[in-house]
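Notes follow the structure.
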Amino acid sequence: MDIRWIAAALALPLAACASADGPAESTPPPAAMTCNADAGQGFVGQTAAPDLGAAVLKATGARTLRWGPPRSAMTMDYRQDRVNVMYDDAYKITQVTCG
């Protein structure tokens, strides 16, 4: 086997990792829609319902809505484009937060 083939085979994986534009590290782009929890505080005390959820999304500027039923476990991941609406056993909204 020719030594040039071996050298080319060894160099090929390294060439695939190279970048002409510099390092591959970059920050992710900001979410298109960012939640504003202050705009959702007027919904506290109202009865949770699907149409109210749409109004909360619109008011807060969030992209997604997560309902928080009483005594439920929720993930701790933070998403700047998500609004969380917690409610009690009577379906009264107790808290509106972002994340």
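Out of everything in segment 70-94 that is basic (K, R) and not in a strand (DSSP E or B), what residue ends up being surrounded by the fewest Cβ atoms within 10 Å (Cβ to Cβ)?
So the first thing to find is which residues in segment 70-94 are basic (K, R), and the list is 71, 79, 82, 92.
Retained after the next criterion (residues that are not in a strand (DSSP E or B)): 71, 79.
Working: R71: 7, R79: 17.
Per the stated criteria, the residue is R71.
Being in contact (Cβ under 8 Å) with a residue 24 or more places away in the chain, out of contact with any Phe, Trp or Tyr (no Cβ under 8 Å at 6 or more places or on another chain) and crowded, with 17+ Cβ neighbours inside 10 Å narrows it down to one residue among T97, T60; which is it?
Values: T97 fails: crowded, with 17+ Cβ neighbours inside 10 Å.
Checking each option against the conditions leaves just T60.
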Checklist entry - What single numbered condition from (1) at pLDDT below 95; (2) touching a Leu at 6+ places or on another chain (Cβ under 6 Å) fails to hold for M33? => result (2)
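Of the residues that make up segment 49-60, is at least one within 30 Å of I93 (Cα to Cα), of a type in the set (A, V, I, L, M), assigned to a loop (DSSP other than H, G, I, E, B) and modelled with pLDDT of 90 or more? Lay out the reasoning, then the answer.
Of all residues in segment 49-60, those within 30 Å of I93 (Cα to Cα) come to 49-60.
The next check asks that each one be of a type in the set (A, V, I, L, M); those that pass are 49, 52, 54-57, 59.
Now narrow it down to the ones that are assigned to a loop (DSSP other than H, G, I, E, B): 49.
Narrowing the set further to residues that are modelled with pLDDT of 90 or more leaves 49.
The answer is yes; a qualifying residue exists.
The values are calculated or read from the model by the stated rules, or taken from the named source; none is laboratory data. Bear in mind that the values here come from a model prediction, so they are computed numbers and not experimental data. All Cβ positions, glycine included, derive from the backbone under ideal geometry; neighbour counts span all protein chains shown.
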